[in-house]
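Everything on this sheet refers to the single structure shown next.
The values are calculated or read from the model by the stated rules, or taken from the named source; none is laboratory data. Please read these numbers as outputs of a predicted model, since none were measured by experiment. Backbone-built Cβ (ideal geometry, glycine too); neighbour counts: all protein chains shown. SASA here: full protein model, heavy atoms, side chains in, ligands and nucleic acids out. Shrake-Rupley method; radii C 1.70, N 1.55, O 1.52, S 1.80 Å.
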Amino acid sequence: MDKISIIAIIGGLAAIIVGQALEGGHIGSLFQLTAFMIVIGGTASAVMLQSTPKQFMTGLRMARWVFQPPQFDHEKTIRDVIHWSQSARKGGLLSLEGYVAQQQDPFHRKALQMLVDGTEPETLRSVMEVEISMFEHARRQSTRIWESAGGYAPTMGILGAVLGLIHVMENLSDPSKLGSGIAVAFVATIYGVGSANLLFLPIANKLKNLVAAEIAMRELIVEGLVAIGHGENPRIIENRLRGFLAMHD
């Protein structure tokens, strides 16, 4: 569980609510169902319109990474690659066949299988880099829905504000209805700007960082397997992978 994300969200919401209370405002005035429907419903619809169903659903599922991020153990991966390189130097590439079935990640399993099958190192690199590129593109398209939501939400807040003001203008003769219209107008703006800057854009940036770590893991595997294919010394491979990892930190 990523505790800092929970603390950040609670802290951001608390800052707004406490600030409202310190100014003497009524906390209940911040909760407007109409404004919420306009901003969140409109933002979700706009994001759905620009996305494919797969991109949209994948992006929603990835949101759980904010609280339960996937674990990328780069150190373990480097140790595994070094162990494979030592086995290959002693028993040849075919000695790695027993490790293929142990790989839970399909990408790792495919790359290692290609090496065992005697694929030329540069061919292996070329094939797996194409797969990495396609994977990265799909991941970034899915994370982009949150970035887009951060762009649409403030505009939807302005739309809600305009609708609220229209409601006010239509009921100038009835003072009892003016308060609710003005409340919707201003609260919609708060919802739009607040959700974009406290939720959508931070989520998008956090997911981008996690995707970058995921891509770095795959590139690390490819770099290590290509080095094994070239028959490089395990110590040299380790130094190369640690330098590669340092560049991506």
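Measuring from centroid to centroid over Cα atoms, what is the spacing of region 1-16 and region 115-148 in Å?
Taking the Cα centre of region 115-148 as reference, the centre of region 1-16 is 34 Å away.
Averaged per residue, what accessible surface does the chain expose to a 1.4 Å probe, in Å²? Walk me through the numbers on the way to the answer.
Working: 13920 Å² over 249 residues.
Counting only protein heavy atoms, the per-residue value for the chain is 56 Å².
Can you give me the solvent accessible area of Ser87 with a 1.4 Å probe, rounded to the nearest 10 Å²?
20
Filter the DSSP H helices in the chain by two things, a Kyte-Doolittle mean of at least 0.0 and an axial alpha-carbon span of 30 angstrom or more, and list the hits by number. Can you show the working numbers first?
Numbers: long enough: 121-170 (72 Å, 0.12); 201-229 (42 Å, 0.98).
TM-like helix candidates: 121-170, 201-229.
So how exposed is Trp65, as accessible area in Å² (1.4 Å probe, rounded to 10)?
20
Which lysines does Lys208 reach when only Cα atoms under 28 Å apart count, and residues fewer than 8 places away in its own chain are ignored?
Of all the lysines, those that pass the test against Lys208 - Cα under 28 Å, at least 8 places apart if same chain - are Lys3, Lys54, Lys76, Lys110.
Calculated FRET efficiency, Asn197 and Met57, Cβ-Cβ r, R0 35 Å, to nearest 0.05? Walk me through the numbers before you get to the answer.
On the way: r = 25 Å, r/R0 = 0.71.
Between Asn197 and Met57 the formula returns 0.90.
Can you run the Rg to Rh ratio on region 126-203? Use alpha carbon positions and the Kirkwood inverse-distance Rh.
Values: Rg = 20.1 Å, Rh = 14.7 Å.
In region 126-203, Rg relative to Rh is 1.37.
Can you give the FRET efficiency for Phe135 and Glu23, using 1/(1 + (r/R0)^6), R0 = 45 Å, r = Cβ-Cβ distance, to the nearest 0.05?
Rounded to the nearest 0.05, the efficiency is 0.40.
Rounded to the nearest 0.05, what FRET efficiency is calculated for Ala14 and Leu165 with R0 set to 25 Å and r the Cβ-Cβ distance?
Working: r = 29 Å, r/R0 = 1.18.
Working from the Cβ atoms, E equals 0.25.
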